[in-house]
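To keep things clear, I will list the structure first and then write my remarks on it.
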Amino acid sequence: MLLHSLQMVNFKRYQNEMIRFRDGITGIIGNNGSGKSTIVEAILFALYGVQGLGTGSGEFIVRTLAGPKGKCEVRLDFAVNGTDYAVVRSFSKTPSTTRHTAHLFLGDKLLSTGISEVSRELSRIVGMGADDFRHTIYAGQRDLHSLLEKNPGDRRKWFMRVLGIDFIKEESDAFLKAQIQEKERNFSVYRMRLDECDSAALTRERECTAGELEECRGLLASQEREIRSLDTERKQAEEAVQEGLRRKEQFIRFSEQADAKKSTLSVLERDRERLTGHYDVLVKDADTFRTLTGTEEAYAARREHLETLATSKENHDRLSSEDDRLSDQIEHLRAELARKDSELVRMEEDEAACAGLARDVALRESVLSDLEEMKRKEPHYLQLRDERNAFRAKLGEIQDQVREIRNSIGVLERTVASLGDPALREEAVALLLSERDELRDRVSAAREQVRGTDREYARLSRQQEDIRAAGRGGVCPTCHRPLGDDYAAVLADLSHQSAECEARRKHLTEAIAAGEAANEEYEGRIARERQVLRHAQEEADRLRQLQASWQTLFRDAETYLERLAGLDEKMLLLDYDPDRRRACEEDLAAYETVWRRHLALTERLSRKTDLLETAESIRRRLEEICLRRAEVRKQRVDTGFNRAAYQEALEAYNRADETYKTFIALREKVDALPRLAREIEEKKAMAEENRRELSRIESEMARLSFSDASLAALTEQSAVLSGRYDRLHVSMAQNSAKIEALERDLVRLAEEEARRAGYIVECARLENEIVLLKKTRQKLGEYIVYLLHVVRDRIEGEAGRVLGEITDGRYENVLIDDTFNVLVHDMGDQFPSDRFSGGEQDDIAIALRIALSHYLAEMNNVHDSSFLIFDEIFGSQDEERRNHLLQALRSQESRFQQIFLISHISDIQGEFSNTLQVEMGPDDTSRVQEVS
């Protein structure tokens, strides 16, 4: 797999950056924190999404300055087995939503889209997952050091983690352990349940329950026979009781009928006696009726004479009432006519008074007209006056503000002049920052040199100890030759080198202390300069703002002066005088009494015409009513009505009316005599019929021969039988319930015995599974050891081959023992890695790391030439060891077309075929520049 290009948009610190990758060794150079490792993260993100970054949530992927709704996008162009691919991923995250899209292209053709589809297709094309890919192509800052750590246990853990063996071991062991614990818990539960079940007690309880069940069933059979016999007797007794009740019901019904007949017969006898007495009285009234025959004709004659006299009386009374009413109207009209004449006299006096007020009324109308005109102009005048006053107040405020701003401008001008030009201040701050950064770089380089010197001093001390321990007959640890006569010279040389290291470290320490003191001084100067710069910028901004405000206020003042002049001119043209308005109001108040007198007179005089017409109408009406009264009085005399004759005729009519009413009443009674005789005969016949029906009912009652005592005896016998039947039925129900309970107990006991048998089977099965799981766990541990041995053999062979290429065949055999000590064959023996020089140790580490990459690629069936990325592998090595590392990596260019080295050391820039310079801009945005 080879990389062609990488484009990052809003990815972490990159805003929009395009990087083109070339074959050979490429150096990615930049200060710490500038964004070098972010390029590797972008490659992993493009291939494997957020999983490739090792974070599941995708926090801090999108560039901070992109905004809350911004998104990042990464495009990676690469080739596998000569086929070109391109993958494009975009990602955005807000507090409520997360959006992640992916597209995979084969050349210009869309191959797949969607997170899952693209991930599956890329895993197929690349041939491995995210973790294996990272361990295959990427060596981090501590990877090379981990390969040669003095503690073999740590080295073994590192190999197992990178190879994924620890994952297999830990996950499988945790899974098997959890399974064993779960099986053991289940076994304990079943064992406890089995201990709770007593087999002998269950058998005894089941036998006792079965015997009791047989006894209950026998008792239930005898109770069923007894209840059938008792049921027959109970039904016979109930039938006898029902027959007695039926006879009792008939007896009661006949008794009620006999009582009804007796009551009806008594009523009929009383009615017949009442009707007979009434008939005797009517016979006597018939004699009186016959004596009054002829009364009806005398009554009719007297009534006709009275009606004639009543008609004459009615006309006389009506005409008398009319005469009285007309007389009252005449009196009323005469009084009304006198009042009208009096009012007419007063109106003539009012006309004279009104003529005397005419001049004053005319003067008032003139004053009122002037006042209305003033009132019409007053709102406009008040509006103009208020606007003029407001403008004058605003103009005064502006004048006060102008004076205040003019004073402030003078103070600020002096302050700005004393602080100096902000641009010059900014240049001074930039110069100080540049000098401080250079000082920091020198201090950092000195610290790195101190650490390198310490390691060199430690190495020299170890070599001196090894040489002293070996003695004159030993072998030199660097050249691997016998010491012999060179023993003292070698020790002296090593002592001299150690002394030089101590002197160099002391000099570097003093330089670092001086640099830190100078850095603190720079920090203080920069802080003071920045404070003065901020103050100068703030004061300059305030001065510009005040000058702009002064200009604005000056223009506002001119505008208000122009508007004030216009308002004064409008007020003159309006011709409104408040004093003249008050004088008009006073004159109008003086004429108020005259005006009210004039209004009252005018209002009364307006009714004079109506009053004359009303008086004339009253005179005509009075004449008409007088003529009508004379005519009514003449008609009353013409009726000829005599009141005494009318009273005598009325008394005679009343006497005849009483006699006639008595005659009519007796005639109605005489007419009812035949009907009353028929009713008496009917009552007599109905009484005879009721006597015969009563005799028949009494005969039926005697035939029933009903007795309350016999019915009570039958009822008591039936109740006794029913009670025995109910008690026996309850006893049977209790016995049946007991039988059901016993049957349920038998079923429960059988289930418990079956459950106990199941517990025995389940315990045996779980016990067997626990044994098998423990054996599996043991075998898996043995398999991990075997697997690690196989992998170690494969890596040993590959590491020896690569080390031979790096050292030109000097060292070709690498051995990793059971404790994961790294041994290299030299001069017929195996030596540990720390026996070799620092440069040789770097060769061994590079060989092991490349061998590991080869193994991971072959394990995933990836045979295509790939690329390698080494991140900060130089550490604190001196220039000689750095050059040695580069030479070792150049020996592998034939196997890896692309090798990327990430470093913060700028001195090695010229050692690479290609160089990418990563820098952090002033806006915290990373930028990449290809350096030729």
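The values are calculated or read from the model by the stated rules, or taken from the named source; none is laboratory data. Fair warning: this is a prediction, and the values are worked out from it, not measured in the lab. Cβ placement follows ideal geometry from the backbone for every residue including glycine, while neighbour counts extend to all protein chains displayed. Protein only, heavy atoms only, side chains kept; ligands, DNA and RNA dropped before computing areas. Shrake-Rupley method; radii C 1.70, N 1.55, O 1.52, S 1.80 Å.
Points worth noting:
- From the options Glu592, Glu651, residue that is under 30 Å from Asp360 (Cα atoms) and over 60 Å from the mean Cα position of the chain (by Cα): Glu592
- Test result for Leu612, open to solvent by 80 Å² or more (accessible area, probe 1.4 Å), out of contact with any strand residue (DSSP E or B) (no Cβ under 6 Å at 6 or more places or on another chain) and either closer than 24 Å to Asp328 by Cα or not assigned by the TED database to the domain that holds Val345 (or both): yes
- Pair list, Cβ < 8 Å and 6+ apart or interchain, from the stretch 213-235 residues that are within 19 Å of Lys738 (Cα to Cα) to residues that are surrounded by 13 or more Cβ atoms within 10 Å (Cβ to Cβ) and of a type in the set (S, T, N, Q): Cys216/Asn735; Leu219/Asn735; Leu220/Asn735; Leu220/Ser736; Gln223/Ser731; Gln223/Asn735
- Scanning the stretch 322-340 finds one or more residues that are assigned to a helix (DSSP H, G or I), of a type in the set (S, T, N, Q), farther than 30 Å from Leu564 by Cβ and touching a residue at least 24 places away in the same chain (Cβ under 8 Å).
- Top-ranked residue of the stretch 595-640 - restricted to ones that are at negative phi and not in a helix (DSSP H, G or I), ranked as farthest from the chain's Cα centre (by Cα): Thr639
- Scanning the stretch 104-124 for residues that are within 16 Å of Ser5 (Cα to Cα) and assigned to a strand (DSSP E or B) yields Leu104, Phe105, Leu106.
- Beta carbons closer than 8 Å, at least 6 apart along the sequence or on distinct chains, pair a first residue in the stretch 388-401 that is under 12 Å from Arg563 (Cα atoms) with a second that is of a type outside the set (Phe, Trp, Tyr) and open to solvent by 80 Å² or more (accessible area, probe 1.4 Å) for Phe391/Arg563; Leu395/Leu561.
- The stretch 616-638, residues that are free of Cβ contacts under 8 Å to residues at least 24 places away in the same chain and open to solvent by 90 Å² or more (accessible area, probe 1.4 Å): Arg620, Glu623, Glu624, Leu627, Glu631, Lys634, Val637, Asp638
- Filter result (in contact (Cβ under 8 Å) with a residue 60 or more places away in the chain and open to solvent by 80 Å² or more (accessible area, probe 1.4 Å)) within the stretch 773-790: Lys774, Arg777
- Filter result (modelled with pLDDT under 80 and among the basic types (Lys, Arg)) within the stretch 460-491: Arg472, Arg481
- Qualifying residue in the stretch 115-123 (condition: in contact with a strand residue (DSSP E or B) (Cβ under 6 Å, 6 or more places away or on another chain), hydrophobic (A, V, I, L, M, F, W, C) and surrounded by fewer than 17 Cβ atoms within 10 Å (Cβ to Cβ)): yes
- Residue match in the stretch 454-472 (condition: touching a residue at least 40 places away in the same chain (Cβ under 8 Å), hydroxyl-bearing (Ser, Thr, Tyr), surrounded by 15 or more Cβ atoms within 10 Å (Cβ to Cβ) and assigned by the TED database to the domain that holds Leu508): yes
- Residue that is farthest from Ile29 (Cα to Cα) [pool: residues in the stretch 889-928 that are at pLDDT 80 or above, hydroxyl-bearing (Ser, Thr, Tyr) and outside any strand (DSSP E or B)]: Thr925
- Selected residue (criterion: farthest from Thr776 (Cα to Cα)) from residues of the stretch 171-185 that are open to solvent by 60 Å² or more (accessible area, probe 1.4 Å) and touching a residue at least 40 places away in the same chain (Cβ under 8 Å): Glu184
- Members of the stretch 347-372 found to be of a type in the set (Lys, Arg) and either touching a residue at least 40 places away in the same chain (Cβ under 8 Å) or touching a strand residue (DSSP E or B) at 6+ places or on another chain (Cβ under 7 Å) (or both), listed by number: Arg364
- Annotation for the stretch 417-438: no member residue is in contact with a strand residue (DSSP E or B) (Cβ under 9 Å, 6 or more places away or on another chain), outside any helix (DSSP H, G or I) and small (Gly, Ala, Ser).
- Condition met for Gln917 (open to solvent by less than 30 Å² (accessible area, probe 1.4 Å) and either over 22 Å from Glu448 (Cβ atoms) or touching a residue at least 60 places away in the same chain (Cβ under 8 Å) (or both)): no
- Annotation note: of Ile770, Ile760, Ile739, Ile697, the sole residue that is in contact with a Cys (Cβ under 7 Å, 6 or more places away or on another chain), touching a residue at least 60 places away in the same chain (Cβ under 8 Å) and open to solvent by less than 90 Å² (accessible area, probe 1.4 Å) is Ile739.
- Residue tally, condition among the β-branched types (Val, Ile, Thr) and open to solvent by 70 Å² or more (accessible area, probe 1.4 Å), over the stretch 325-370: 1
- Count of residues meeting criterion [exposed (fewer than 15 other Cβ atoms within 10 Å of the Cβ) and within 56 Å of the chain's Cα centre (by Cα)] in the stretch 384-393: 3
- Selected residue (criterion: modelled with the highest pLDDT) from residues of the stretch 878-888 that are surrounded by 15 or more Cβ atoms within 10 Å (Cβ to Cβ) and within 22 Å of Asn32 (Cβ to Cβ): Leu886
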